[in-house]
Amino acid sequence: MDFDAVIVLGPQGSGKSTQGRRLAEELGFAYWGMGGILRKILEQGGALAAKVQSIKEGALLPDETIIEVLGDRLLALPPRQGVVFDGVPRRMGQARFLIDFLKNHGRAVPVTVFIDVPREVSRARLAARAGAENRADDTPEGIAERLRSYEETMQPVMEYLKKETRFIGIDGQPPVEEVAKRVDAALGIVESSAKEQ
């Protein structure tokens with residue numbers, strides 16, 4: 001493989017976290033789930049936890065806080081440890097910091113896997129999840145606002161990553177297994193497995 005970092009992006013309900021976790025396991029990479037990392041920081045307490053506290057109210061954290069978390073936790077990774085990023089970058093400041101950090105620490109050009117679904121599919125999947133999980137933040141109004149915010153903030157991030165990474169777009173509408181096959185084929189995982197046999 002010619003990469004050691006994968007950034008998995010997609011709108012809410014696209015299945016990006018499912019694919020991110022699966023990819024990390026399949027590749028033997030660390031899984032960087034931003035939501036989980038922030039929750040661990042909250043549990044540990046301290047000065048950084050106080051800054052992260054606002055996510056309990058569902059607010060997006062300022063770039064400075066996310067960048068502080070990124071810098072701290074990335075330095076703790078072994079230099080050759082591959083990593084799959086899920087939930088970051090969400091804004092331009094985070095994107096620039098992450099790409100610069102990877103470049104400055106001798107990493108290969110990252111791969112961005114963008115799992116795309118139309119807004120109506122996102123909305124339907126989030127509504128179904130809300131019903132199954134009884135999530136308070138998945139009201140019709142909340143879902144519409146989150147999707148609007150995502151589209152607004154992610155557009156410049158996507159354009160930046162198209163220039164700075166190997167960018168792969170994947171249709172996220174088929175079943176999970178089919179999306180997984182397409183992701184693996186795009187990353188060359190299928191071919192490399194076949195060669196080894």
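Would you mind finding the one in L147, L98 that is under 15 Å from the mean Cα position of the chain (by Cα) and at pLDDT 85 or above?
Selected residue: L98, the only one of L147, L98 that is under 15 Å from the mean Cα position of the chain (by Cα) and at pLDDT 85 or above.
Among the candidates G20, G71, G36, G45, which residue alone is on the phi > 0 side of the Ramachandran plot and either surrounded by fewer than 17 Cβ atoms within 10 Å (Cβ to Cβ) or of a type outside the set (V, I, T) (or both)?
On inspection, the qualifying residue turns out to be G45.
Examine the stretch 62-85 for a residue that is modelled with pLDDT of 90 or more, assigned to a loop (DSSP other than H, G, I, E, B) and closer than 30 Å to R148 by Cα, and state whether such a residue exists.
Taking every residue of the stretch 62-85 in turn, none turns out to be modelled with pLDDT of 90 or more, assigned to a loop (DSSP other than H, G, I, E, B) and closer than 30 Å to R148 by Cα.
I'm trying to understand the selection: among the residues of the stretch 86-132, which are within 25 Å of S149 (Cα to Cα) and basic (K, R)?
Within the stretch 86-132, R90, R91, R96, R119, R123, R125, R129 qualify.
When both residues are 6+ apart or on different chains and their Cβ atoms are under 7 Å apart, which pairs have a first residue that lies in the stretch 29-47 and is over 18 Å from I67 (Cβ atoms), and a second that is modelled with pLDDT of 90 or more and among the polar types (S, T, N, Q)?
Going by the 7 Å Cβ cut-off, the qualifying pairs are A30/Q81.
The values are calculated or read from the model by the stated rules, or taken from the named source; none is laboratory data. Please read these numbers as outputs of a predicted model, since none were measured by experiment. With ideal geometry, Cβ positions are generated from the backbone for all residues, glycine too; neighbour counts draw on all protein chains shown.
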